[in-house]
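To keep things clear, I will list the structure first and then write my remarks on it.
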Amino acid sequence: MIIKVNNLVKRYDDLIALDHFNLEVKEGEIFGLLGPNGSGKTTAINCILSLLKYDKGTIEVYGRPMAPDAYDIKRNIGIIMQNVAVFDELTVYENIDYFCGMYIKDKKKRRELVEEAIEFVELDSFRKFLPKKLSGGLLRRLNIACGIAHKPKLIILDEPTVAVDPQSRRKILEGIRKLNDDGATIVYTSHYMEEVEEICTRIAIMDKGKVIALGTKDELKGMINSGEKITVEILEHNPDILEGVRSLPNIVSAEFNDNMLVAKSRRGKNNLSALLEYLRSSQINVGRIYSEPPTLNDVFLEITGKELRDHA
Amino acid sequence: MFLHIYMYRLKCILRDKQNVFWTLMFPIILATLFYLAFSNLSNAESFTEIEVGIVDNEELREHPEFTEAVKSVPDLFNVTYTTKENAEKLLEDGEIEGYIHFDDGLKLFVKESGINETIIKSFLDDFLQTSSTISTIISQNPAAVQNGLPDSVFDRTDYLKAVPSGKAEPNTVVNYFYSLIAMACLYGSFSGLKEVLAMQGNLSYQGARVNMAPIHKAKIIIASMSAAVSFQLIAVTALLVYLIAVLRVDFGNQVGYIALTSIVSTITGVTFGTFISSVNRQSEGVKIGILIGSSMIMTFLSGMMYDKMKYIVHTKVPVLSYLNPANLITDSFYALYYFDTHARFFTNIALLCGYSVLFGTLTYLAVRRQRYASI
């Protein structure tokens, strides 16, 4: 186990930020921490990194208690913060070199690592640029380069794609996969469920400082009763059909969105064919048909009764 | 590792344009303004002989002791012996400050009252008092004339013994430049403040990343503070070179001691900044505000804005003189300039070293903790 957190409690005065938080991260996985803003993801990461004091619980990294002076452990960790943590007065190259130099003493080796990091985040044309000359997406990539240049075995990325354009986001996600392919264990926090679904092998869903669900994305989706969401274009609008659709077995709700019939089903087989059979037998002409499996948002919604607030 | 952090921190400081302006350029600009303002003040302070007229008549010739008395102060008066009419004309035209007329006694005619007129009157009063003393002695004890007593009345005895007072002439203006150097040294506090911000996880994102590095905090603190001190020394040296070589401000002839004062003062300034930055958790703006405010108060109390303030503090609240690093810095320069002995100078330097150690230790104690209550 790379990270093992047991019953972690962190309070800010009367507010409980982490409420008996438990976590286990295995070697080689991309572990996702998913939750809305304020659910305690960043607090959990900062506690794991020994940046924050906590009230109760234990944290082990690489099988040893994590502490501010656990330099052997720190040497193997790379951190990419939610906020861009670079110096405005240093160029792209210098920023990466500065932070890399805190881990790697050998100048020659460091130079190679810095070059690799620049190539990895595709900032070669910007190496002499100061951060203020970079766009938001490029800044995020620089932020990542500063955290991974020393080739850490464990990389923690805290919301690395916030306020990033789609192209940079794509590159960042591809990069994370590549780092994992190269052998790094990744802990990835986000409130963007699509990102977490896309890259994470295991996911912990957080709310109010607790892990409320844990597993692979399929395991998580299997935990809930919600099934697929079926959307059918009705060519001749007829509100009377709603009653009939709702009476079908496994259909939980049905409503019109303009001329689109949106029906949510329970978990089960043949929900789509049952609905289409009903429409055909009712002689209702249909156009386009979509069927979407449940998302992590549905998981979160069913467990907490509220939606994950932001979407990618 | 130390050198790696030191070099990059120095780069950061040197590339911070605002910091470079306020710590390097601003004191030089202020020195130029001081120079332009105070060079006239110096000229105004220099004494020139007072133009005075004496009416040349019979009565004057009957009092040769008066003519002798005037001759005894050649640097005080530039005398024109003339007629009463011409003396009046000269006074009217502003050619003389006043004229003296023996006309049934000694009389002084002036056009207006001022320092020069007061000096002439004081001279006449002194002469009249001395003459009166001699007359009294002669009337009461005629034998005293034989003993040469009247001559001794004119003698003046100095009860103060002159001691060598350094290599330079006293100059009140130079005190303003001392305060300016003190201010420049204390401006090192801004670099110190920024260095703490850059290393503290609860004060900056960069600091949080630095805290994740496998390096002992003391190493980061020492490297960062060394970078700040180096930059500040460059700034203070530039100011000193400008003052001495360009503005020709006379600091005496003790360059080694001046350098020592600058180095110690700079370290005090930087550690003061790291101390202020590390002991309170306010925003960067508030910290800078506290630094500016405290620096201004300290330099004000050391006499930068009002030259008598240093004396007032020294006489009314003497302990404040020793608690104020800015005053200790100006006083070190002052002691170098005015005294040949170095007792006072080294007392100040020792106190500054003490403050540096105190501020540095308190900074370390405040920033050594690496786990924060909140970020």
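Any read-out appearing in this document is the output of simple, stated calculations on the displayed coordinates, not a laboratory observation. Note that the structure is predicted; figures quoted are calculated from it, not measured. So basically every Cβ, Gly included, is an ideal-geometry build from the backbone, and we count neighbours across all protein chains shown.
Modelled spin-label separation between A:Q283 and B:V246, with each label point placed 7 Å from Cα along the Cα-to-Cβ direction: 9.9 nm. Close amide H partners of A:Q82, meaning residues 5 or more places away or on another chain with modelled amide H under 5 Å apart, are A:D158.
Shielding by partners for peptide A:102-113, expressed as the average number of C-beta atoms from other protein chains within 10 Å of each residue's C-beta, is 2.
Classify segment A:23-67: rounded, prolate or oblate, from the alpha-carbon gyration tensor (a ≥ b ≥ c, eigenvalue square roots; a/c under 1.5 rounded; otherwise prolate if a/b is larger than b/c)?
Oblate shape, in that a/c is at least 1.5 and b/c is the bigger or equal ratio.
About the centre of its Cα atoms, the protein assembly as shown shows a dipole size close to 4720 debye [charges on the beta carbon of Lys, Arg (+1) and Asp, Glu (-1) only; nearest 20 debye]. Computing FRET efficiency as 1/(1 + (r/R0)^6) for A:K153 and A:S273, where r is the C-beta to C-beta distance and R0 is 56 Å, gives about 0.70.
Would segment B:50-154 count as rounded, prolate or oblate if I go by the C-alpha gyration tensor, calling it rounded below 1.5 in a/c and otherwise prolate when a/b exceeds b/c, oblate otherwise? Taking the square roots of the gyration eigenvalues as a ≥ b ≥ c, segment B:50-154 is prolate. Relative to the dominant Cα principal axis of chain B, helix B:174-186 is inclined by about 10°. For helix B:325-338, what angle does its Cα long axis make with the longest principal axis of chain B, in degrees from 0 to 90 and rounded to 10? With rounding to tens, the tilt is 40 degrees. Across segment A:256-265, rounded Karplus estimates of 3J(HN,Hα) from the backbone phi angles (6.51 cos²θ - 1.76 cosθ + 1.60, θ = phi - 60°) give 9, 10, 6, 9, 9, 8, 10, 10, 9, 10 Hz, Gly and Pro being marked x. When the helices of chain A are scored as -39500 (n - 2.57) per DSSP H run of n ≥ 4 and the total is divided over every residue, the value at 222 nm lands at -9500 deg cm²/dmol.
In the protein assembly as shown, a dipole from Cβ-located charges (positive for Lys and Arg, negative for Asp and Glu) runs towards its positive end, and of B:T347, A:G63, B:I276 it is A:G63 whose Cα lies farthest in that direction. Using just its DSSP H runs of length 4 or more, each adding -39500 (n - 2.57), chain B gives a mean residue ellipticity at 222 nm of -21000 deg cm²/dmol after division by all residues. According to the square roots a ≥ b ≥ c of the eigenvalues of the Cα gyration tensor, what is the shape class of segment B:206-327, taking rounded for a/c under 1.5, prolate for a/b larger than b/c otherwise, and oblate for the remainder? Oblate shape, in that a/c is at least 1.5 and b/c is the bigger or equal ratio. Note on the protein assembly as shown: antiparallel DSSP beta bridges, both residues inside, total approximately 60 percent of the bridges counted. Other protein chain C-beta atoms within 10 Å of residue C-beta, averaged over A:140-151: 1. Scanning residues 5 or more positions from B:V249 or on other chains, those with amide H under 5 Å from its amide H are B:I244, with H placed 1.01 Å from N in the peptide plane. Residue separation of B:Q140 and B:S283 scaled by 0.36 nm, minus their Cα-Cα distance, works out to 43.0 nm of gained length. Length gained on full extension, A:D182 to A:F129, computed as 0.36 nm times the residue gap minus the Cα-Cα distance: 16.2 nm. Couplings for segment A:161-177, taken from phi via the Karplus curve 6.51 cos²θ - 1.76 cosθ + 1.60 with θ = phi - 60°, read 10, 4, 6, 10, 5, x, 5, 5, 4, 4, 5, 5, 5, 4, x, 4, 4 Hz in order; Gly and Pro are left as x. Neighbouring Cβ atoms from other chains, within 10 Å of the Cβ of residues in A:94-101, number 4 on average. What fraction of the DSSP beta bridges in segment A:3-221 is antiparallel, stated in percent and rounded to the nearest 5? Once the DSSP bridges in segment A:3-221 are tallied, antiparallel ones form about 50 percent. Relative intensity of the protein assembly as shown on a log10 scale, I(q)/I(0) at q = 0.07 Å⁻¹, equals -0.69, per a Debye sum over C-alpha point scatterers of equal strength in the absence of solvent.
Shown in residue order for segment B:291-305 are the 3J(HN,Hα) couplings computed by the Karplus curve 6.51 cos²θ - 1.76 cosθ + 1.60 at θ = phi - 60°: 5, 4, x, 5, 5, 5, 4, 5, 6, 4, 5, 8, x, 6, 9 Hz (x for Gly and Pro). Descending by average beta-carbon neighbour count within 10 Å, the peptides B:113-121, A:109-117 line up as A:109-117, B:113-121, the highest first. Measure up A:K26/A:K264; A:K4/B:K194; A:K208/B:K194; A:K151/A:K221; A:K41/A:K217 against 25 Å on the Cα-Cα distance and list the ones that go over. Over 25 Å apart, Cα to Cα: A:K26/A:K264; A:K4/B:K194; A:K208/B:K194; A:K151/A:K221.
When chain B is treated as a GNM with alpha-carbon contacts under 10 Å, the residue of B:A227, B:A343, B:A335 showing the greatest mean-square fluctuation is B:A343. How far is it, in nm, from the label point at B:V73 to the one at A:Y71 when both lie 7 Å from their Cα along the line to the Cβ? Roughly 7.7 nm, to one decimal. When DSSP beta bridges are restricted to pairs lying wholly in chain B, around 35% turn out antiparallel.
Residues considered: B:V270, B:V110, B:V241. Largest GNM mean-square fluctuation over chain B, using C-alpha springs under 10 Å, is found at B:V110. Please find, in a Gaussian network model of chain B (springs between Cα atoms separated by less than 10 Å), the residue of B:N78, B:N19, B:N324 whose mean-square fluctuation is greatest. So, out of B:N78, B:N19, B:N324, the one fluctuating most is B:N78. Amide H contacts of B:E51: B:N78, B:E97, each under 5 Å away and 5 or more positions distant or on a separate chain (H built 1.01 Å from N in the peptide plane; Pro and chain starts excluded).
Here the spin labels are modelled as points 7 Å beyond Cα on the Cα-Cβ line, and at B:T341 and A:I16 they lie 7.2 nm apart. If R0 is 30 Å, the Cβ-Cβ spacing of B:S122 and B:E92 corresponds to a FRET efficiency of close to 0.80.
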